[in-house]
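Worksheet: one structure, shown below.
The values are calculated or read from the model by the stated rules, or taken from the named source; none is laboratory data. Since we're looking at a predicted model, the values are computed, not measured. Note that each Cβ is placed from the backbone with ideal geometry, even for glycine, and that neighbours are counted across all protein chains shown. To get the accessible areas, we keep the full protein, side chains included, count just its heavy atoms, and leave off ligands, DNA and RNA. Shrake-Rupley method; radii C 1.70, N 1.55, O 1.52, S 1.80 Å.
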Amino acid sequence: MQQSITNQFNIGVSTVMVGPMDKVLDLTPEEHSIGLIKNFSLTSETNEVTLTQGLRNTQVDSQVTGVTTQMSMEVYEYTAKNLAYAAELAGENFTLSGNYAIDTAITGGDSATSVVLKGVDTTHQGDLQAGDTIALQSTSTKEYDKVYLAKVTKAEWAENKLTITLDKAIPSGWDFAVDDRCFFVNLIPVGSDEVQPYYGVKIVGILPNGNEPVTIICPKAKVTAGFNLGFTTDNYGNMPFEFTPYDLTKEDYKAYPGLKSAFKNYNANLFVYKG
């Protein structure tokens, strides 16, 4: 019978963190995690060319001519940041959020050019800026799919109330009651020609016996696949993220001296830390 040597078996969960390249070693779950994921996988495949000889073409030498490294996972939290990452955009720029109750009923028409929200404390009084978008939802009548999108030109706070001036009047037929909901929303331009920047990616997986961490550091990566937004009734949706690691260049080392001191001596684009 084959006897196991150690207790270092691999089943469990991992945390994926995304942030600035120069901070890759310092990324934290609290600030940089993309949330609940499943089925994280790291693969590295090599391509080789082989030299043969003789009538039987026996192998006499081989050399690696290519290395393909890929990280994949299922991402379950549909935050604006994660959706933007999946769309290959700069996800850290899509962080607007807010869920508030309407303080004054709204009747659609030429005079419906403002929205008053209640319960907005001083911490969030400046969240909305000109050009941001809000979504009004008819929650009191449970018409959850009745949603009106409006663009903000100004937001003024006083006594825990936020008065939002809109760029145009809410049309007739769009009425909202007190305590209907107002969400602060991000506009995510899927398919945009905006170039996604490079990120540092840190993954921490935990082995079950002893909770020993296995830490993966990728100082330079992009999200190269993953956008998937569907609504079904038989299972939870997820986004199949793929991260592609890239080699650091001389320009990267010049811009981020910390990366140079940590990784320049290794001809690799991904590093696994394991005891």
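To keep it simple, each residue is scored yes or no on (1) open to solvent by 40 Å² or more (accessible area, probe 1.4 Å); (2) in contact with a helix residue (DSSP H, G or I) (Cβ under 9 Å, 6 or more places away or on another chain).
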| residue | (1), (2) |
| --- | --- |
| Ser138 | no, no |
| Asp167 | yes, no |
| Val185 | yes, yes |
| Val190 | yes, yes |
| Glu194 | yes, no |
| Asn209 | yes, no |
| Val223 | no, yes |
| Asn228 | yes, yes |
| Asn235 | yes, no |
Exercise for the section: Return a yes/no flag: does the range 44-65 have any residue that is open to solvent by less than 60 Å² (accessible area, probe 1.4 Å), closer than 30 Å to Phe243 by Cβ and under 21 Å from the mean Cα position of the chain (by Cα). Expected result: no
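Specify the residue that is nearest to Ala101 (Cα to Cα); the eligible residues are those in the range 169-183 that are open to solvent by less than 60 Å² (accessible area, probe 1.4 Å) and not in a loop (DSSP other than H, G, I, E, B).
Within the range 169-183, the first condition is being open to solvent by less than 60 Å² (accessible area, probe 1.4 Å), and the residues that meet it are 169-171, 173, 176-177, 180, 182.
Restricting the remaining residues to those that are not in a loop (DSSP other than H, G, I, E, B) gives 176, 182.
On the way: Phe176: 11, Cys182: 6 Å.
Restricting to residues being open to solvent by less than 60 Å² (accessible area, probe 1.4 Å) and not in a loop (DSSP other than H, G, I, E, B), the top hit is Cys182.
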Exercise for the section: Search the range 108-128 for residues being of a type in the set (S, T, N, Q) and outside any helix (DSSP H, G or I), and hand back the single one that is farthest from the chain's Cα centre (by Cα). Expected result: Ser111
Problem - Candidates Lys38, Lys81, filtered to the one that is open to solvent by 50 Å² or more (accessible area, probe 1.4 Å), under 20 Å from the mean Cα position of the chain (by Cα), more than 22 Å from Asn186 (Cβ to Cβ) and not aliphatic (A, V, I, L, M) - result: Lys38
Exercise for the section: Please state which one of Ala105, Ala135 is within 17 Å of Cys182 (Cβ to Cβ), more than 23 Å from the chain's Cα centre (by Cα) and among the aliphatic types (A, V, I, L, M). Expected result: Ala105
Problem - Members of the range 34-82 that are in contact with a strand residue (DSSP E or B) (Cβ under 8 Å, 6 or more places away or on another chain) and acidic (Asp, Glu) - result: Glu45, Glu48, Asp61, Glu74
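Among the residues of the range 134-147, write down those that are in a strand (DSSP E or B) and farther than 17 Å from Leu162 by Cβ. Break it down stepwise before answering.
Applying the first criterion (in a strand (DSSP E or B)) to the range 134-147 yields 134-138, 143-147.
Passing the criteria: Ser138, Glu143, Tyr144, Asp145, Lys146, Val147.
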Fill in the blank from the handout: Only one of Lys161, Lys202, Lys250 is free of Cβ contacts under 8 Å to residues at least 40 places away in the same chain and of a type in the set (Lys, Arg), namely Lys250
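What about Gly131, is it at pLDDT below 95, assigned to a loop (DSSP other than H, G, I, E, B) and out of contact with any Pro (no Cβ under 9 Å at 6 or more places or on another chain)? Steps first, answer last, please.
Numbers: at pLDDT below 95: no; assigned to a loop (DSSP other than H, G, I, E, B): yes; out of contact with any Pro (no Cβ under 9 Å at 6 or more places or on another chain): yes.
Here the answer is no, as Gly131 does not meet what is asked.
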Problem - Count of residues meeting criterion [open to solvent by less than 80 Å² (accessible area, probe 1.4 Å) and out of contact with any Phe, Trp or Tyr (no Cβ under 7 Å at 6 or more places or on another chain)] in the range 248-262 - result: 7
Practice task
Any residue in the range 179-199 that's hydroxyl-bearing (Ser, Thr, Tyr): show its pairings with residues that are assigned to a loop (DSSP other than H, G, I, E, B) and open to solvent by less than 40 Å² (accessible area, probe 1.4 Å) at Cβ separation under 8 Å, as long as the two are six or more apart or on different chains.
Solution key: Ser192/Ala87; Ser192/Leu89
Practice task
Please enumerate the residues belonging to the range 84-120 that are of a type in the set (Val, Ile, Thr), surrounded by fewer than 15 Cβ atoms within 10 Å (Cβ to Cβ) and modelled with pLDDT of 95 or more.
Solution key: Thr104, Thr107
